[in-house]
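Asker: Structure provided below as structure tokens; questions to follow.
The values are calculated or read from the model by the stated rules, or taken from the named source; none is laboratory data. Predicted model, so just to flag it, every value in this text is computed and none were measured. Positions of Cβ are generated from backbone atoms using ideal geometry, with glycine treated the same way; all protein chains shown enter the neighbour counts. The area values use the complete protein model at the heavy-atom level, side chains included, leaving out ligands, DNA and RNA. Shrake-Rupley method; radii C 1.70, N 1.55, O 1.52, S 1.80 Å.
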Amino acid sequence: MKFLGTGAGEGIPNPFCNCKICENARKVKGREIRTRSSFMLSRDIIIDIGADFFTQSFLHDVSFVELKHVLFTHMHDDHINYTAIWERFASRSGNDKPINIYFVGEAYKFMTDFYLISPVTEGRELYFSSGNIKMIRLEFDEEYEIGKFKITPVRASHSTVFEKNGSNFLIKENGRKLYYALDSGYFIKSAFDMLKGIQLDILICECTFPTTEETVDVSSGHMDIKMCLKNLDELYRINAITEKTQIYLSHISPMGMTHKELSEYVAGIDRKYKIQVAFDGLEIGYEN
């Protein structure tokens with residue numbers, strides 16, 4: 001499993017910004033650079049193909065030729081890039097079968113209404129043809145077999161103009177359990193209920209606003225450090241995470257702390273669970 005991108009919507013550095021975080025990233029580079037969030041679950045499954053997929057593929061030595069399934073969390077532009085569908089259509093070899101792309105609930109309805117229903121159908125781009133992609137609708141709280149995984153979409157406290165709730169994903173494989181929760185906001189009750197007692201092996205969660213000092217709009221469906229810790233404390237209380245759970249922060253914006261500072265901050269947090277800060281290109285696996 002690999003983090004192809006760990007940034008929020010603007011990435012780090014934001015090309016239009018000269019704040020201390022962005023200027024530090026330009027100078028230091030390495031782990032301080034964050035492209036928009038994307039996660040490769042396996043060679044044939046990816047969660048979100050976002051704004052920086054082209055760059056991520058060669059920076060991290062990843063080919064998308066073997067991809068069979070793409071799960072989209074929601075419809076914001078940093079998580080879905082329609083150019084990827086065209087890129088696949090334009091390839092000269094390696095893609096003889098359509099790729100499955102998954103949208104949850106209202107997101108699927110937007111895609112089908114916009115691309116597949118008249119009058120759009122008459123002028124639809126060829127790269128949306130059935131020979132290139134197959135769009136599949138998923139529903140919240142239902143489990144699906146996708147590749148070698150069992151995957152359940154879970155409602156997030158994050159919305160777009162196209163959908164009331166973005167999706168997080170509970171992912172199971174051979175008794176292992178991973179929860180992917182970017183653009184989640186503080187978890188809603190149904191998410192806590194589903195995760196109660198599950199003892200996750202891996203939790204990938206957002207810390208969009210890595211600050212304890214600045215005033216941020218957490219009603220946007222994102223979390224700052226304080227809310228992130230409150231969320232983790234509740235997950236620990238209900239036995240959704242344990243001392244053994246591998247916890248990674250991702251979807252991080254240029255605010256408050258650099259990667260180095262945030263890593264040092266979470267290392268010093270007095271909790272029974274341990275937190276790591278993900279970075280672009282980080283490969284992970286189950287430790288136990």
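Asker: In debye to the nearest 20, how big a dipole does the chain give about its Cα centre with +1 on each Lys and Arg Cβ and -1 on each Asp and Glu Cβ? List each step's numbers first, then the result.
Answerer: Details: 34 positive and 40 negative charges, 108 e Å.
Roughly 520 debye, rounded to the nearest 20.
Asker: Right, here's the next one. Given a 1.4 angstrom probe, what's the average accessible area per residue across segment 128-229, in square angstrom? Walk me through the numbers on the way to the answer.
Answerer: Values: 4380 Å² over 102 residues.
The answer is 43 Å² per residue.
Asker: If you don't mind, another one. Calculate how many DSSP beta bridges within segment 150-288 are antiparallel, expressed in % of all such bridges and rounded to the nearest 5. Present the calculation step by step, with values, prior to reporting the outcome.
Answerer: Numbers: 11 of 24 bridges.
About 45 percent, rounded to the nearest 5.
Asker: Once label points are set 7 Å from the Cα along Cα→Cβ at both residue 214 and residue 90, what is their separation, rounded to one decimal in nm?
Answerer: 3.5
Asker: Taking the Cα-to-Cβ direction at residue 238 and at residue 109 and moving 7 Å from each Cα, how far apart do the two end points lie in nm?
Answerer: In this crude spin-label approximation the distance works out to 2.6 nm.
Asker: For segment 1-141, what % of the accessible area comes from carbon and sulfur atoms, probe 1.4 Å? Show your work: numbers first, answer last.
Answerer: Numbers: 3790 of 7180 Å².
Here carbon and sulfur together make up 53 percent of the probe-accessible area.
Asker: Another question, then. Leaving out ligands, DNA and RNA but keeping every protein chain, what accessible area does residue 192 have, in Å² rounded to the nearest 10, with a 1.4 Å probe?
Answerer: Here the accessible area works out near 20 Å².
Asker: Let me know the charge dipole size of segment 9-107 about its Cα centre in debye, to the nearest 20, where only the beta-carbon of Lys, Arg (+1) and Asp, Glu (-1) is charged. Numbers along the way, then the final one.
Answerer: On the way: 12 positive and 13 negative charges, 70 e Å.
Charge dipole, segment 9-107, about its Cα centre: 340 debye, nearest 20.
Asker: Oh, and also: Taking only C-alpha pairs under 8 Å that are 6+ residues apart, what is the relative contact order of the chain in percent? If you can, show how the numbers build up before the last one.
Answerer: Working: 617 pairs, mean separation 54.1, N = 288.
Taking the mean separation of contacting Cα pairs over the length of the chain, I get 19 percent.
Asker: Taking only Cα atoms of segment 6-65, what ratio of Rg to Rh do you get with Rh as the Kirkwood inverse-distance radius?
Answerer: On the way: Rg = 12.6 Å, Rh = 12.4 Å.
Rg divided by Rh gives 1.02.
Asker: Could you work out the percent of alpha carbon pairs in segment 130-288 separated by over 22 Å, rounded to a whole number? Mind showing how you got there, number by number?
Answerer: Values: 5386 of 12561 pairs.
I get 43 percent for the Cα pairs in segment 130-288 exceeding 22 Å.
Asker: Moving to a separate point now. Helix 225-237 versus the longest principal axis of the chain: what is the Cα-based angle in degrees, 0 to 90, to the nearest 10?
Answerer: It works out to around 90 degrees.
Asker: Angle, helix 106-115 long axis vs. longest principal axis of the chain, Cα atoms, 0 to 90°, nearest 10?
Answerer: For 106-115 against the chain, the angle is about 30 degrees.
Asker: So if I average 1/r over every pair of distinct C-alpha atoms in segment 146-203 and take the inverse, what Kirkwood radius in Å does that give?
Answerer: On the way: mean 1/r = 0.0840 Å⁻¹.
Averaging 1/r across every pair of different Cα atoms and inverting gives 11.9 Å.
Asker: Still on this structure, I have one more. Express the relative contact order of segment 171-288 as a whole percentage, based on alpha carbon pairs under 8 Å and six or more residues apart in sequence.
Answerer: Working: 198 pairs, mean separation 32.2, N = 118.
Reported relative contact order: 27 percent.
Asker: Looking at the P(r) of segment 50-118, how many percent of alpha-carbon pairs lie beyond 20 Å? Don't jump to the answer; show the numbers that get you there.
Answerer: Details: 766 of 2346 pairs.
Within segment 50-118, distances greater than 20 Å cover 33 percent of Cα pairs.
Asker: Once you wrap a convex hull around the alpha carbon atoms of the chain, what is its projected area averaged over all directions, in nm²? Let's see the in-between values first.
Answerer: On the way: hull surface 60.6 nm².
So the mean shadow area of the Cα hull is 15.1 nm².
Asker: If you don't mind, another one. If a paramagnetic tag sat 7 Å from the Cα of residue 174 along the Cα-Cβ line, which residues of segment 131-148 would have the backbone N under 16 Å from that point?
Answerer: 147-148
Asker: So, one more: Determine ³J(HN,Hα), in whole Hz, for all residues of segment 26-39 in sequence, where each value follows from phi through the Karplus function 6.51 cos²θ - 1.76 cosθ + 1.60 and θ = phi - 60°; x replaces Gly and Pro.
Answerer: Ordered by residue, 3J(HN,Hα) equals 5, 7, 7, 6, x, 6, 6, 7, 10, 7, 5, 5, 7, 9 Hz.
Asker: I'd like the Karplus ³J(HN,Hα) series for segment 54-71: coefficients 6.51, -1.76, 1.60, θ = phi - 60°, whole numbers in Hz, and an x wherever there's a Gly or Pro.
Answerer: Running phi through 6.51 cos²θ - 1.76 cosθ + 1.60 with θ = phi - 60° gives 4, 5, 4, 4, 8, 5, 10, 6, 10, 9, 8, 4, 7, 4, 10, 9, 10, 9 Hz.
Asker: For segment 1-134, what size does the Cα cloud have along each of its three principal axes, sorted from largest down, in whole Å?
Answerer: 49, 30, 25
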